[in-house]
Amino acid sequence: MPRQTARLRPGRLLGLAIAVLFALLIALLLLVPLWPERPLNNRLSHVLSDYTGLQTDIQGAGLQLLPRPGLRLGESRLSTDLEQDEAPGLHLQGAKLDLGWRSLLRGQVAIRRLDMDTPVLTLHRDPDGTLHPDPRRWRDPDAEPGSVQLGRVTLNDGTLRWQDADRPVLTLEGVALTLQSLRRPSPPDEDHPFYGLHFDADVQIARLRYDALVIADLAATIEADEGTLTSRDLALTWLESRGQADVSLALAEPPARLSLKLEFPDLQAEALPEAWRAGQSIQGTGQAALTLEAQGAHNAWPGGWPESLAGELLLQGEDLHIEGFDLDEELSRYRRTQRFNLTDVGAVLLAGPAGLAATKGGEFARLLERADGDTTLKRVHSHWSLEAGVAEATDVALATERNRVAARGAVDFGERMLRDLEVAVVNQDGCAVIRQRVDGPFDDPQVNEPSIIDALLGAPLDLLDQGLGLLRIASSDCDAFYDGVVEAPDE
């Protein structure tokens, strides 16, 4: 009889197929860790360079399949110039990327988790609005903008450096972030990269630095919905005062729009940076409140903010004490000496750090170096209204025990200009006794000569020693300069 060939039953065939697949999987699991690191580093560098347009240096790359597929990186850089340590780009000590099996089997890449260790992101915007690097352009140029979905993103001990043209660098240090449920549908076009953006995040920032300004211990819960980021519990510390803020940033439609409300209830004057107090000891408590609206430029996001600032700023305090400088004594001798610019005094005491930077603190700093005595500011009130990037002095004045000094004019943050900013010593009726004006750019302001009324030239010196505010001026000669909430010292 002819010999018959045994036929495999369907069940046995399926079992054999599963066994073969399982064997291939085991072999793959054994081979993946043996993937040479250098070729993988080079391949990832090439892919990322093509995707971002940046120079790349990937180190320590490795693949894993269990318990889920993923990628590990060692110290790596994406930069506009790898030869320069401070060049714009991303530098991190390590990263971990976890994917999902189900999405891979469906031919999709869904990132379940992304962890970054000590990332440093450096961004720079040119005067023409070009951003380096620009993450909005990080995609395949031949592909349509697609949807984005991430399960969880964490970063530890991060740093962000942001420089707008030639202005001082804004630095965020010690950034810790946990971001979850990140998703964004396919945007209608490349000009709407944040269309439909959604996520929940917790963020802590150890320090924010901008020139001499230092803000510490920032913490916030951020919710993003339909491209608008909102935080109702932003907390931060400045001058040893724990401030609270509400902030909203709308990114779905250009231009981006910012809304901010901020309060500091008990600012400590002794915590002022050295650069703002010229080596003097200042004691006392003040308060600050800021409401702000702004929007970015249509064609140069994230630029354009200074030109659109609108809102109000109020700085105030009582019984502030300055050791090593007697303002009343200097003013009483002003007619004889004229040894310092009144605008420098007004800038430091009324306008704060912006004024000090604008006038460079020149004569006032030298005055403090040779002065003695002390000054008690009975009240300081600095109220500014902002519109289209210009801060207008609404009610800005201070009162010592014997004198009252006031300021008026405007500061243009968009053009970085002082516009008709005047500081004056005023009498009981608010008439200017001594006044001085400063105009021009922040970097090179033009300080005019002081203007002194004739009545001051003929006043008895013993009267001036009691305070310039006691000088009586005929109504026909009065230059009405100030009529605000800061009252004149008692006669």
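What the table below lists for this structure:
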| item | result |
| --- | --- |
| Candidates Arg207, Arg242 - the one that is loosely packed, with under 14 Cβ neighbours inside 10 Å and outside any loop (DSSP other than H, G, I, E, B) | Arg242 |
| Conditions (1) buried (at least 18 other Cβ atoms within 10 Å of the Cβ); (2) aliphatic (A, V, I, L, M); (3) at pLDDT 90 or above; (4) not in a loop (DSSP other than H, G, I, E, B): number failed by Leu160 | (1) |
| Residue within the range 272-281 that is on the phi > 0 side of the Ramachandran plot and touching a residue at least 60 places away in the same chain (Cβ under 8 Å) present | yes |
| Leu218 vs. criteria in a strand (DSSP E or B), crowded, with 19+ Cβ neighbours inside 10 Å and not basic (Lys, Arg) | yes |
| Residue count, the range 117-137 (criterion: among the hydroxyl-bearing types (Ser, Thr, Tyr) and over 21 Å from Phe194 (Cα atoms)) | 1 |
| Hits in the range 221-235 - residues which are in a loop (DSSP other than H, G, I, E, B) and surrounded by 14 or more Cβ atoms within 10 Å (Cβ to Cβ) | Gly227 |
| Within the range 239-253, tally of residues that are closer than 16 Å to Leu208 by Cα, hydrophobic (A, V, I, L, M, F, W, C) and modelled with pLDDT of 95 or more | 1 |
| Condition met for Leu368 (at pLDDT 85 or above, over 15 Å from Ala480 (Cα atoms) and hydrophobic (A, V, I, L, M, F, W, C)) | no |
| Those residues of the range 49-80 which are closer than 15 Å to Pro135 by Cα and either of a type in the set (A, V, I, L, M) or part of a loop (DSSP other than H, G, I, E, B) (or both), in sequence order | Gly53, Leu54, Leu78, Thr80 |
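The values are calculated or read from the model by the stated rules, or taken from the named source; none is laboratory data. Here the structure is a predicted model, which is why all the values come from computation and not from measurement. Quick reminder, even Gly has a Cβ in these numbers, built from the backbone with ideal geometry, and neighbours come from all protein chains shown.
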